[in-house]
Amino acid sequence: MATQLKWVEASDEYQIPFMLAARKVFQGAPVLCPRCNDATLRYYFHVFNQSRRQGTVWAWCPKCHTHCHLPRVSPQNVKQIDPFADLTLDQFAELELDPREPLLSRLNRLWEEGKLA
């Protein structure tokens, strides 16, 4: 089983800065974490609506484990390969809810393995 990290949703004074940073990071700009300023944010984009190429982006800090997600976004130039692109909505929901490895822990692991970066 993967190491269980405690992930913290960006809230209060960090919510807006994190959402703005998330918009920049999935556009390819390196962005320091607005909470700890100690690491570059990582991101993952998953398409839920193929016809509109619309989906959700998750952004997180590998140091302080703060994260946010932006639903219903349509980025133009995401260069990231999605290892979960072929999953159905139900299969992706199962992945998100898998108690053995929370989604953000899985995404962070994949990033560190070079499978998302």
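The values are calculated or read from the model by the stated rules, or taken from the named source; none is laboratory data. Just so it is clear, the model here is predicted, and its values are computed rather than measured. Using ideal geometry, Cβ is built from the backbone for each residue, glycine included, and neighbour counts are taken over all protein chains shown.
Some notes on this structure:
- Scanning the range 47-77 for residues that are of a type in the set (Ser, Thr, Tyr) and exposed (fewer than 13 other Cβ atoms within 10 Å of the Cβ), we see that the one that is farthest from the chain's Cα centre (by Cα) is SER51.
- Complete set of residues in the range 9-30 that are under 12 Å from the mean Cα position of the chain (by Cα) and part of a loop (DSSP other than H, G, I, E, B): PHE26
- Per this entry, ARG106 is counted among residues that are in contact (Cβ under 8 Å) with a residue 12 or more places away in the chain, in a helix (DSSP H, G or I) and touching a helix residue (DSSP H, G or I) at 6+ places or on another chain (Cβ under 9 Å).
- Qualifying residue in the range 90-100 (condition: part of a loop (DSSP other than H, G, I, E, B) and on the phi > 0 side of the Ramachandran plot): no
- Members of the range 21-46 found to be surrounded by 13 or more Cβ atoms within 10 Å (Cβ to Cβ), at pLDDT 90 or above and more than 26 Å from GLN91 (Cβ to Cβ), listed by number: ALA21, VAL31, LEU32, CYS33, PRO34, ARG35, CYS36, ALA39, THR40, LEU41
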